[in-house]
Amino acid sequence: MAETSEVTDATFEADVMKSDLPVLVDFWAPWCGPCRMVAPIVEELGEEYAGRVNFYKMNTDENPTIPTQYGIRSIPSLLIFKSGELAGTIVGFRPKSDLKKRLEEAIA
Amino acid sequence: MSFDSPQAYDIAVVGGGGAGLTAALYGARARRRTLVFERLITGGQIATTELVENFPGFPQGINGTDFAMNLVQQVEHFGAELRYEDVQAINPQHGKPFRIDTREGSYEAHAVIATAGADYNKLGIPGEEELVGRGVSYCATCDAAFFQDEEVIVVGGGDAACDEALFTTRYASKVWLVHRRETFRASALLQERVFANPKIEVIFNSVVQRISGEQVVETAELINTETGQTHILPVGAVFIFIGQTPNSHLLKGLVELDEGGHAQVDLQMCTKVPGLFVAGDLRTKAARQLVSACGDGATAALAAEAYLAKQGIGEG
């Protein structure tokens, strides 16, 4: 399964804010167990939405700026961006079908 | 494979925690076509446990997520399939395989092992739902690091609460461990560590009755259950570990449930519905441990295998 690409504080503007496609960013950290368990679900979604939504993950340990800017106090958190604006936030782990529903709503 | 339903799986496992994954491991190793449904994340409760120290064979303990990931790998290695789908109904069909409906579709399986486990309870107090993800958390191993040098509350008195309180001290400047009774239920060893930890202050006979904050958690209001006195603590986070409720809604009308909502099964994990087994935290039992959940899973899979053989399914 294709691993989700990394986005950083430095590349966030170009990869997320200026993206033509909607973007889902999976905020995670290596010490966060559930984040590691959510990763395969996000990867499955990434394959299902290939060409419609770009998927990235951001390591909150290595990237202090963007997580702070978006007030991330809990991970995993999935943030969905559309046309450079925050269009949806999903905190914690949710059923895959819920993630799809929230993603569809955010990119509609 | 049955001639009637060539698409049917031999064994469907509903729930990918310790019990379910072990059942799938045994099913797959018996060369049964095995499918595991997981609603949330594989590993279940163990995936959010920082350190598992009481599973035999790991003298230094093992990280819960590592344990879960190893188990998933092991299960997939032997050929079981894993689907992240939320099962809505388990339907026995007389003389035919079970039909399992998920939000995404329907599947058939000759035997079903229900291992949907239990979900953590919520306090149900003002501010709790509003501040989830902004200081209210049900997973200290996920979120404790966001509260570096802040004071936090951990609510509960069992193993989970004590384990998470200890973990939280790595980051927080102070941890208030709030428990509604005057003694802990946690194992003696965990209690010793809690009482010995200079960062943890235990508050017995108290409950959190309100969590407040504009954007993030700022304060929590405690009430002493004996004196009725209230007390406001300025904290950055409230971590909640107050027991669990079994996910037995799928079994309602199918099998007998006890008062707590746990399914009653025999020693082989059999229910009164032929071909339907229940294992792990979903069933009535005294020990709710990872090792006993795994043991249940193995027992259920072996019983399912015997059931399938007796039905003449998949022989030769």
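The values are calculated or read from the model by the stated rules, or taken from the named source; none is laboratory data. Computed from a prediction, not measured in an experiment: that's the story for all the values here. As a convention, Cβ positions derive from the backbone with ideal geometry for all residues, glycine included, and neighbour counts pool all protein chains shown. Areas reflect the complete protein model, heavy atoms only, side chains present, ligands, DNA and RNA absent. Shrake-Rupley method; radii C 1.70, N 1.55, O 1.52, S 1.80 Å.
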Helix B:18-29: inclination vs chain B longest Cα principal axis, degrees, rounded to 10, gives 30
Protein chains only, probe 1.4 Å: how do A:101, B:199 rank by accessible area, largest first?
A:101, B:199
With no other cysteine's Cβ closer than 4.7 Å, which Cys residues of chain B count as lacking a disulfide-compatible partner?
B:162, B:270, B:294
Debye calculation, C-alpha points only, no solvent: report log10 I(q)/I(0) for the range B:261-316 at q = 0.13, 0.17, 0.19 Å⁻¹, in the same order as the q values.
-0.33, -0.52, -0.63
Lysines within cross-link reach of residue B:174: Cα-Cα under 24 Å, excluding same-chain residues under 8 positions apart?
B:122, B:199
Expressed in angstrom, Rg and Dmax over the Cα atoms of the range B:136-240 are 12.6, 39
In whole angstrom, the spacing between the Cα centers of the range A:1-67 and the range B:269-307 equals 38
Counting every C-alpha pair in chain B, the percent lying more than 33 Å apart is 33
Kirkwood-based shape ratio for the range A:5-107, expressed as Rg/Rh from alpha carbons:
0.92
Carbon and sulfur atoms: what percent of the 1.4 Å accessible area of chain B do they account for?
49
Projecting the Cα atoms of A:107, B:147, B:280 onto the charge dipole of the protein assembly as shown, where Lys and Arg contribute +1 and Asp and Glu -1 at Cβ, the residue farthest towards the positive end is B:280
Rg over Rh [alpha-carbon atoms, Kirkwood Rh] for the protein assembly as shown:
0.99
On a C-alpha basis, how far is the centre of the range B:175-249 from the centre of the range B:1-78 in Å? Whole number, if you could?
33
Ranking request for peptides B:213-219, A:14-20, B:111-117: highest mean number of other beta-carbon atoms within 10 Å first, then the rest in descending order.
B:111-117, B:213-219, A:14-20
Cβ-based charge dipole, the protein assembly as shown, positive-most Cα from B:69, A:49, B:217
B:69
State, in square angstrom and to the nearest 100, the accessible area buried between chains B and A, both chains counted, probe radius 1.4 Å.
2300
Give me the one-decimal nm value for the distance between modelled label points at residue A:68 and residue B:245, 7 Å along each residue's Cα-to-Cβ direction.
4.0
As a test of reading the structure, rank B:285, B:272, B:252 by solvent-accessible area (1.4 Å probe, protein chains only), most first.
B:272, B:252, B:285
Taking each residue in B:57-68, count the Cβ atoms of any other chain within 10 Å of its Cβ, then average. What number comes out?
2
Cα centre as origin, Lys/Arg/Asp/Glu Cβ charges: the protein assembly as shown dipole, Debye
1040
Just how large is the dipole of chain B about the Cα centre, in debye to the nearest 20, putting +1 at every Lys and Arg Cβ and -1 at every Asp and Glu Cβ?
820
Going 7 Å from the Cα of residue B:81 along its beta-carbon direction, which residues of the range B:87-103 have the amide nitrogen within less than 20 Å of the resulting point?
B:87-93, B:96-103
How many percent of the accessible area of chain A is carbon or sulfur, using a 1.4 Å probe?
49
Pop out the Kirkwood hydrodynamic radius of the range B:47-140 from its pairwise C-alpha distances, inverse of mean 1/r, in Å to one decimal.
17.1
Could you order the peptides B:131-139, B:65-73 from most to least packed, using the average number of other C-beta atoms within 10 Å per residue?
B:131-139, B:65-73
Taking the dipole about the Cα centre of chain B, with the C-beta of Lys and Arg at +1 and of Asp and Glu at -1, give me whichever of B:107, B:232, B:118 is farthest to the positive side.
B:107
Heavy-atom accessible area per residue, the protein assembly as shown, 1.4 Å probe: how many Å²?
45
Calculate the dipole size of chain A relative to its Cα centre from +1 charges on Lys and Arg beta carbons and -1 charges on Asp and Glu beta carbons; express the result in debye to the nearest 20.
400
Taking each residue of A:24-37 in turn, how many C-beta atoms of other protein chains fall within 10 Å of its C-beta, and what is the average?
5
In the range B:71-88, the residues losing 10 Å² or more of accessible area (1.4 Å probe, heavy atoms of protein chains only) relative to their chain alone are B:84, B:86
Could you estimate the translational diffusion coefficient of the range B:130-171 from the Stokes-Einstein equation, with Rh from the Kirkwood formula over C-alpha pairs, at 10 °C and 1.306 mPa s, in whole µm²/s?
151
Mind listing the Cα extents of the range B:1-96 along all three principal axes, in Å, largest one first?
50, 27, 18
Leaving out ligands, DNA and RNA but keeping every protein chain, what accessible area does residue B:77 have, in Å² rounded to the nearest 10, with a 1.4 Å probe?
140
So for A:77, A:5, what's the accessible-area order with a 1.4 Å probe, most first?
A:5, A:77
